[in-house]
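**Student:** One structure coming up, written as structure tokens, with questions to follow.
Where a number appears in this text, it was derived from the coordinates with a stated rule and is not lab data. Everything numeric here is computed off the predicted structure, so don't read it as measured data. Cβ coordinates were reconstructed from backbone atoms using ideal geometry, including for glycine residues, and neighbour counts include every protein chain displayed.
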Amino acid sequence: MKILRTVDELTRHCEALRASGLSLGLVPTMGALHAGHLSLVKEALAGNDSVVVSLFVNPTQFNNAADLQTYPRTEEADFRLLEQAGAQAVFAPSVEEIYPDGDRQPDHVFDLGEVAEVMEGAMRPGHFQGVAQIVSKLMRMTQPDHAYFGEKDFQQIAVIRRMVATEGINVEIVDCPIIREDDGLALSSRNVRLSKEQRATAPGIYAALADSVVRSSEMSVEEVHDMVVNRINALPECEVEYFSIVDAETLRPVNSWNEAKRVQGCITVFCGPVRLIDNICYRK
């Protein structure tokens, strides 16, 4: 497996693949890899001749300096996991390599539309501009045929699809299912920050969501919303930041189950100081 540290190394590697007529899959990550990330690598390997995985904790998508500071960094362990998974190359640059002029002032403002303004967009101002900034850079550097993202970040996928369309980037976005622990907790790099007690509580988030899907056949959207919020808020150290039941395509809130072809519930919960996100499909 090649470890690429500079933009020049990355572009030369990808140009050589294209010159040989090989297809390329890109898996953007911020490292601290787990089985969820590795499932994306597996999908990319199945759909392409070669795969590049990026490991980069992108400062421009953090609107909370403390969150950036505490985000886990496990580069050597990540390299071992990627090599075992069969990735042919990993791009692990410094912040200075990606942002040689500094990362405080964006060099481009993206037209991300309404999908970037709700939920995470409302709670984390500037977050999706930062996501679009780094993902667009990686796509332009690699020019992949496919790029792979996990559905745990449901809204992020909608934002990236919008960014790709408005920026005219020729790449197919592939969304991959959420990978969960046996007890239902969605895999996340932030899970390692949970205390033993918080880790025991956190699966209650998905349990509430899963139960609400079953009960939604006899309850209104509003009733389901309130049930989920009340149940999770009753868990030790848990507080719902938002729970939105939305049209999966536009991310606009729905008032009835037949208002959209696909209806998704998206939630963010603080479990102690750790911010966890999850989502579930109600109608498809």
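**Student:** Can you figure out the FRET efficiency of S195 with E223, using R₀ = 22 Å and their beta-carbon distance, to the nearest 0.05? Walk me through the numbers on the way to the answer.
**Tutor:** On the way: r = 33 Å, r/R0 = 1.49.
Taking R0 as 22 Å, the efficiency between S195 and E223 is 0.10.
**Student:** Work out the charge dipole of the range 190-284 with +1 on the Cβ of Lys and Arg and -1 on the Cβ of Asp and Glu about the Cα centre, then indicate which of I232, T268, S217 is farthest towards its positive end.
**Tutor:** Result: T268, furthest along the dipole toward the positive end.
**Student:** Further question: What residue among L187, G168, N48 has its Cα farthest toward the positive end of the dipole of the chain, where the charges are +1 on Lys, Arg and -1 on Asp, Glu, each on the Cβ?
**Tutor:** Going by the Cα projections, it comes out as N48.
**Student:** Within 10 Å, count the other beta carbons around each residue, average over each peptide in 37-43, 112-118, 49-55, 70-76, and list them highest first.
**Tutor:** Most protected by this proxy first, the peptides run 49-55, 37-43, 112-118, 70-76.
**Student:** Something else about it: For K284, go through the lysines and keep the ones whose alpha-carbon is under 19 Å away, minus same-chain ones fewer than eight residues off.
**Tutor:** K152, K261
**Student:** How high is the FRET efficiency from A207 to N170, r the C-beta distance, R0 51 Å, rounded to 0.05? Don't jump to the answer; show the numbers that get you there.
**Tutor:** Values: r = 42 Å, r/R0 = 0.81.
Once rounded, the FRET efficiency stands at 0.75.
**Student:** To continue, here is another question. Please express the shape of the range 189-283 as an equivalent ellipsoid: the semi-axes are the square roots of 5 times the eigenvalues of the C-alpha gyration tensor, given largest first in whole angstrom.
**Tutor:** Result for the range 189-283: semi-axes of 25, 13, 10 Å.
**Student:** Moving to a separate point now. Would you mind ranking L194, L24 by Cβ crowding within 10 Å, fewest neighbours first? Please report the intermediate quantities before stating the final value.
**Tutor:** Details: L194 20, L24 23.
Neighbour counts put them in this order, fewest first: L194, L24.
**Student:** Taking every DSSP beta bridge with both residues inside the chain, roughly what % is antiparallel (nearest 5)?
**Tutor:** 50 percent
**Student:** Between E241 and A77, what length in nm is gained on full extension when 0.36 nm per residue of separation is reduced by their alpha carbon distance? Present the calculation step by step, with values, prior to reporting the outcome.
**Tutor:** Numbers: separation 164, 0.36 × 164 = 59.04 nm, distance 3.23 nm.
That pair, E241 and A77, stretches by 55.8 nm at full extension.
**Student:** Using Cα-only point scatterers and the Debye equation, what is log10 of I(q)/I(0) for the chain at each q in 0.11, 0.16 Å⁻¹, rounded to two decimals?
**Tutor:** After summing over all Cα pairs, the log10 values are -0.66, -1.35.
**Student:** Here's another thing I want to ask about it. Distances longer than 18 Å among the Cα atoms of the range 1-159: what percent of all pairs is that? Kindly include the intermediate steps, with their values, before the conclusion.
**Tutor:** On the way: 7441 of 12561 pairs.
Cα-Cα pairs of the range 1-159 separated by over 18 Å account for 59 percent.
**Student:** Let's test the formula: R0 of 30 Å, r as the Cβ-Cβ distance of A66 and E15. What FRET efficiency results, to the nearest 0.05?
**Tutor:** On the way: r = 39 Å, r/R0 = 1.31.
With R0 = 30 Å, the Cβ-Cβ based efficiency is 0.15.
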